[in-house]
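*Asks:* I'd like to ask some things about the structure below.
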Amino acid sequence: MAFRVQFCLASLFVAGILVFANESQAVEPPDFVNDIQPLLQKNCVACHNLQKAEGGLNLENLDVLLKGGDSGAALQTGKSAESSLVRRVKGEEEVMPPADNKVGAKAFTPEEIALLSAWIDGGAAAGSKKNATKMEWQKIPDSVRPIYAIDATADGQFTVLGRGNQAVVYHWAALGSSEPFVLVDPSLVAPAPHGAAPSTPNNSTHLDLVQSVAIDRTGNRIATGGFRDVKIWRRADQAIADAMAANLRGSVTLAASPVDKWIAKATRAPSLEIVDTESLQTVARWDAPASIRSIDWTSDGKKVVVLLEDSHVALLPIADVVAQKTKSVAPEHLQKTDVSASQIVATIGNGFLLHTTDGQFQSWQWNGASESERGWIKTELGKEIAQLVSIDFAAPDRVLAATQDGSAHLYSVSQAKLERTIPHGSAISHAMLSSDGNTLVTVGTDGVAKGWNAADGKALWENRLDLESQRAIEESETRFTRFKAKVDRAASQVPELEKSQKAEADNVAKLQKTKSEIQEALTKKAAEFDAQTKQVTEGEAAVQATTAALEEAKKKLEQSQKDLEARKANLAKAEAAKKEENAKLENLDKTLAAADQSAAKAAATLASFQKQLETDKAELATLEKSAQDVKGSKPPIPVSQAAITPDGKTCVTVRTNGSLHAFRVDRGTNQSTMAGNLVPPAALALTVDGQALAVHEDGRSIHWGLANRWSLEKTIGTAEESPFSDRVTALDFSHDGKLLVVGSGPPSRFGDLKLLDVETSTIRKDWGQVHSDTIFVAKFSPDGQKVATGGADKLVRLHAVNAESAPRTLEGHTHHVLGLAWQDDGFLLASSSADNTVKIWDVELGQAQRTIAGFGKEVTALSFVGRSTQILSSSADQQVRLHNAADGKLIRAIGGPADALYSLTAITPDVANTKTAMVAAGGQDGMLWVWQVEDGKAIQQIK
């Protein structure tokens, strides 16, 4: 994980992994670019930059420095003693940088203060970058080999990790199956002492520590990150148009030495030639007296047994000829057999097994008792086995014979005994034995391969599809599963939306009732007002009448006036009550209108949601049918050739469409599918160094790479010129492998994010400075529409891949965000932090569902297990933990490592079955650990 830049090795980098040297010794007046800017970057810019300008002061370049800050100008040109910048670094004003700063900034030395003062007094010259200044790398100590990054294909076939300044690829790491392959950039040379010319080749991936790695879903490409550069590596597993393939053209059959890098090829001349696969030179040749039908090597790789069309068999001493460099081969023995044979099945010492044209096998034992009796003697074996379609041999003496009735027969040559008969279940085209004789492989005429335990005949596995077909089916099933999760989630929200819609409707009904009550009260108040108005009118009339008879009824006038005043008061009260009811009615009308609008919106939302849900359900049905169609459209493909690699670990079949299909012998697990000619080859040979060679009847030949071999495809950026601002600390491939997201950023300044087009090496999208500190992790969402990033600024951010929208921010961590992982349906995102917690986020709501605590130190990396809600985490407290993200409960803690763990990845051969899952992790001590997730048992420890 990337947090090591600040926590673990900061002093190492400062000490000299990367330094700058100035070859020019001439004394020149100080300027900003060459003298002052490096001082400010080292001790000031962390707190005075565009993103974080404390006191309003930005010191990133001269232009912004001259603008000053909130308290005014930072310097007075020609007057260092009066310049605030100098006074602060001297401590005459508020000292800068403060002693208790959290970014590791150091107080200026007297020499640095003198340099700063001299620059200001000399006019504060800008200057220009001097060409003599160069970046100089120093050798990373051999003891510095931490694993800061790790990634793996889901099936576990390839695991890549950054160990020190090397990226190392393991093939089937969990099974301990192969030697590691170091990704070496041939252009790199080892750093030399200062002043010396580097010349020693450097066995490294990057000059800097490898802090990020990624492998694409297919296992065909790897990306590694160094200092301002990204390197893309390609696996050599496809048909190779090279000199080896060209050298085999015109061959009629092939056989690879089980020991050396030699290929025996038969030509139409007729002749037998031995080709060295490294030098590509013909190192031995025999001009045969007749056309060659079949070839096989002796188990020690020193001789070749050749079957000719005229039934002669020749024994050729190849190793002696090569050693003597005489090239021309003379048969050590040439003998005619009395049978018509189609194939030499195997050699036993100097003897051999023949597959006869009438469907039987024969054993010919070597007799070297005397010169006169020297030759092969036929022994009667396996008469009970007839109608053979395929036969194979495994040392020391086992024969596996497949017959037309669909059975495989295991036969002991030394005991002349049939050990076991295994029914394949259908017609067989090929039967093979692993090199140790423990596993039987049968391939049906329909292309279905099956593995069997030789000891008891029990079935071990069945392989029906090649890797590409398997991936096509898995891809269609994944699309269906993820969309089903979306539909299920939407369907679960319908009751809540219906409840909300009902609540809005109930509220409207309640408001309507209240309005009716207010209207009824208003009607009563209006009638009362009218009655009072009438009384006032009558009172006024009475006053007028009384006034006319003032003299006669003065007392009555006074009383009438009192009555009138009382009635006016009542009228005022009635009018006020009426206004109050009208105001209530107006307010209620407004409330009712808003409620109507809310109810209508809720109803529309529900209707729209239900309509979309029905559309999604229809699409789900289409995806389900599509998944079924894809599954139905990927039947097994019949096989024309089959063989097991010399190490006994891989079975390679050539199908009738000309392609190669490789799978593991012990488990039947698919390994690779490689395109070839449309016409299947006439012969197939597998070499000890992981090559597959095939020749066709028309003379064409093809060469494939089977071994764990990688080559540098391209490099984007250099330390001097690059689209990346600093160390590349985060990498992730898109699901289709076409895009690569790259995170970087100088510590305490910013974190920038870019989207790289893998094929064209161009920046597809530049999100810019999306964090205010280094980005430590970046992950594509399962649907590829979003990228989640976490950084030293304690934030998680979500960025749209195909839309121009502002990033969404998830806040809650109180320290660096070090790890991220998406749950398979894309609705949940987990983040881990140096605050010793993991948070589970609902991405749609932008809210943390829960926080998982209980970690002893920083939580450095995360990975969900397949499609489940189980999540794995690594921690600097030396443990891997398994939690359930759905409830936050700890399922298992896994220990073993003696030092901090920085990186982790889940290996899920079956994404729907957590019991098959494994986890690979590494850390400070450079040890690669692999455990079973189900029980926490350690499978591998690889130093």
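*Asks:* For segment 312-360 and segment 478-510, what is the separation of their C-alpha centers, rounded to whole Å?
*Replies:* 77
*Asks:* Determine the relative contact order of segment 32-122: mean sequence separation of Cα pairs under 8 Å and six or more apart, normalised by residue count, in whole percent. Walk me through the numbers on the way to the answer.
*Replies:* Numbers: 118 pairs, mean separation 23.3, N = 91.
Relative contact order of segment 32-122: 26 percent.
*Asks:* Expressed as a whole number of Å, what is the distance separating the alpha-carbon centroids of segment 628-681 and segment 772-797?
*Replies:* Their Cα centres are 39 Å away from one another.
*Asks:* Heavy-atom accessible area of Val679 with all protein chains present, probe 1.4 Å, nearest 10 Å²?
*Replies:* Roughly 80 Å² of Val679 is accessible to a 1.4 Å probe.
*Asks:* Amide H to amide H under 5 Å from Glu93: which residues, 5+ apart in sequence or cross-chain, H placed 1.01 Å off N in plane?
*Replies:* Arg88
*Asks:* Which of the trypsin sites (Lys or Arg not before Pro) found in segment 428-494 are loop residues per DSSP with 11 or fewer other Cβ atoms within 10 Å of their Cβ?
*Replies:* Details: sites: Lys450, Lys458, Arg464, Arg471, Arg479, Arg482, Lys484, Lys486, Arg489; in loops: Lys458, Arg464.
For trypsin sites (Lys or Arg not before Pro) across segment 428-494 that sit outside H, G, I, E and B with at most 11 neighbouring Cβ atoms in 10 Å, the list reads Lys458.
*Asks:* Per 0.36 nm of contour for each residue apart, how much would the distance between Ile891 and Glu934 grow if the chain were fully extended, relative to their Cα-Cα spacing? Mind dumping the intermediate values first?
*Replies:* Details: separation 43, 0.36 × 43 = 15.48 nm, distance 0.98 nm.
Gain on stretching Ile891 to Glu934: 14.5 nm.
*Asks:* If you don't mind, another one. Across segment 788-943, how many lysine pairs, 8 or more apart or on two chains, come within less than 29 Å at their alpha-carbon atoms?
*Replies:* 15
*Asks:* Another question, then. At 0.36 nm per residue, minus the direct Cα-Cα distance, what do Asp757 and Glu811 gain on full extension? Give it in nm, one decimal, please.
*Replies:* Between Asp757 and Glu811, full extension yields 16.4 nm more.
*Asks:* Quick one: length gained pulling Lys534 to Leu115 fully straight, 0.36 nm per residue minus the C-alpha distance? Don't jump to the answer; show the numbers that get you there.
*Replies:* Values: separation 419, 0.36 × 419 = 150.84 nm, distance 9.98 nm.
Gain in length upon complete extension: 140.9 nm.
*Asks:* Also, quick follow-up: Go through 388-400, 406-418, 311-323 and give me the packing order, highest mean Cβ count within 10 Å leading. Display every interim value, and only then the final one.
*Replies:* Working: 388-400: 21.1, 406-418: 17.1, 311-323: 19.3.
So the peptides 388-400, 406-418, 311-323, ranked by packing, come out 388-400, 311-323, 406-418.
*Asks:* Over the chain, what is the relative contact order in percent, taking alpha-carbon pairs closer than 8 angstrom and at least six residues apart?
*Replies:* Averaging sequence separation for qualifying contacts and normalising by length gives 11 percent for the chain.
*Asks:* I want to make sure I understand the PRE zone here: with the label point 7 angstrom from the Cα of Ala126 toward its beta carbon, which residues in segment 54-79 have backbone N atoms less than 11 Å away?
*Replies:* Label zone hits: 62-64.
*Asks:* Something else: In Å², and per residue, what accessible area does the chain have when probed at 1.4 Å with the other protein chains present? Don't skip to the end; give the middle numbers.
*Replies:* Working: 42170 Å² over 943 residues.
That works out to 45 Å² per residue.
*Asks:* With each label point set 7 Å from Cα along the Cα-Cβ vector, what nm distance links Leu66 and Asp310?
*Replies:* Each label point lies 7 Å from its Cα, and together they span 9.7 nm.
*Asks:* With all protein chains present and a 1.4 Å probe, how do Arg664, Arg700 order by accessible area, largest first? Write down the numbers at each step before the final one.
*Replies:* Numbers: Arg664 10, Arg700 95 Å².
Per-residue accessible area, sorted high to low, gives Arg700, Arg664.
*Asks:* Under the rule of at least 5 residues apart or a separate chain, name every residue whose amide H is placed under 5 Å from the amide H of Thr253.
*Replies:* Amide H neighbours of Thr253, under 5 Å, 5+ apart: Ala266.
*Asks:* Let me ask something additional. For n ≥ 4 DSSP H runs only, could you compute -39500 (n - 2.57) per run for the chain, divide by its residues and tell me the 222 nm figure to the nearest 500?
*Replies:* Numbers: 9 runs with 209 residues, N = 943.
Result for the chain, helices only: -8000 deg cm²/dmol.
*Asks:* A follow-up question, please. Roughly to the nearest percent, how much of the accessible area of segment 630-737 is carbon and sulfur, given a 1.4 Å probe? Let's see the in-between values first.
*Replies:* Working: 1910 of 3850 Å².
Ligands and nucleic acids excluded, carbon and sulfur give 50 percent.
*Asks:* At q = 0.13 Å⁻¹, what log₁₀ I(q)/I(0) does a Debye calculation on the Cα points of segment 32-122 give, no solvent, two decimals?
*Replies:* -0.36
*Asks:* Now, a different point. Can you list the aspartates and glutamates whose alpha carbon is less than 17 Å from that of Lys714, not counting same-chain residues fewer than 8 positions off?
*Replies:* Candidates past the 8-residue exclusion: Asp185, Asp216, Asp229, Asp732, Asp757, Glu759.
*Asks:* Size of the dipole of segment 34-113 about the Cα centre, Lys and Arg at +1 and Asp and Glu at -1 on the beta carbon, nothing else charged, in debye to 20?
*Replies:* Details: 9 positive and 12 negative charges, 22 e Å.
About 100 debye.
*Asks:* Under a plain spin-label model, where a point goes 7 Å from the Cα along Cα-to-Cβ, how far apart in nm are Gln847 and Lys336?
*Replies:* 9.3
*Asks:* While we're here: Which order do peptides 110-116, 693-699, 214-220 fall in by mean Cβ count within 10 Å, highest first? All intermediate terms of the calculation are to be shown ahead of the outcome.
*Replies:* Working: 110-116: 14.6, 693-699: 19.0, 214-220: 20.9.
Order by mean packing, descending: 214-220, 693-699, 110-116.
*Asks:* Roughly what angle does helix 110-121 make with the longest principal axis of the chain, taking Cα atoms, 0 to 90 degrees, to the nearest 10?
*Replies:* Result, in degrees: 60.
*Asks:* Quick check: at a probe of 1.4 Å, how many percent of the accessible area of segment 32-122 sits on carbon and sulfur atoms? Walk me through the intermediate numbers first.
*Replies:* Numbers: 2370 of 4820 Å².
Taking all protein chains in place, segment 32-122 shows 49 percent carbon and sulfur surface.
*Asks:* If you average the C-alpha positions of segment 35-79 and of segment 423-459 separately, how far apart do those two centres end up, in angstrom?
*Replies:* Taking the Cα centre of each part, segment 35-79 and segment 423-459 sit 75 Å apart.
*Asks:* If you count, for each residue, the other Cβ atoms within 10 Å and average over each peptide, how do 868-879, 644-655, 376-387 line up from highest to lowest? Intermediate results must be reported in sequence, preceding the final value.
*Replies:* Values: 868-879: 23.1, 644-655: 21.2, 376-387: 14.4.
Packing proxy ranking, top to bottom: 868-879, 644-655, 376-387.
*Asks:* Over segment 349-413, what portion of Cα pair distances is larger than 13 Å, expressed as a whole percent?
*Replies:* 63
*Asks:* Which FRET efficiency, nearest 0.05, do His735 and Ser299 yield, Cβ-Cβ r, R0 60 Å? Before the final figure, lay out the partial values.
*Replies:* Numbers: r = 46 Å, r/R0 = 0.77.
The pair His735/Ser299 has a calculated efficiency of 0.80.
*Asks:* Now for a different question. State the label only: which of (i) 81, 75, 61; (ii) 117, 81, 54; (iii) 177, 82, 47 corresponds to Cα extents along the principal axes in Å computed from the shown model?
*Replies:* (iii)
*Asks:* To continue, here is another question. How much of the accessible area of segment 793-943, probe 1.4 Å, is carbon plus sulfur, in whole percent? Don't skip to the answer; put the middle values down first.
*Replies:* On the way: 2470 of 5680 Å².
That fraction is 44 percent.
*Asks:* If each of Glu565 and Ala455 carries a label point 7 Å out from its Cα toward its Cβ, how far apart are those two points in nm?
*Replies:* Here the answer is 12.1 nm between the modelled labels.
*Asks:* Right, another one. Counting only DSSP beta bridges with both residues in segment 255-333, tell me the antiparallel percent, nearest 5.
*Replies:* Numbers: 23 of 24 bridges.
Percent antiparallel among DSSP bridges in segment 255-333 is about 95.
The values are calculated or read from the model by the stated rules, or taken from the named source; none is laboratory data. What you see is a predicted model; the values in this text were computed from it and never measured. Every residue, glycine among them, receives a Cβ derived from its backbone with ideal geometry; neighbour counts consider all protein chains shown. Only protein heavy atoms, including side chains, enter the accessible area calculation; ligands, DNA and RNA are left aside. Shrake-Rupley method; radii C 1.70, N 1.55, O 1.52, S 1.80 Å.
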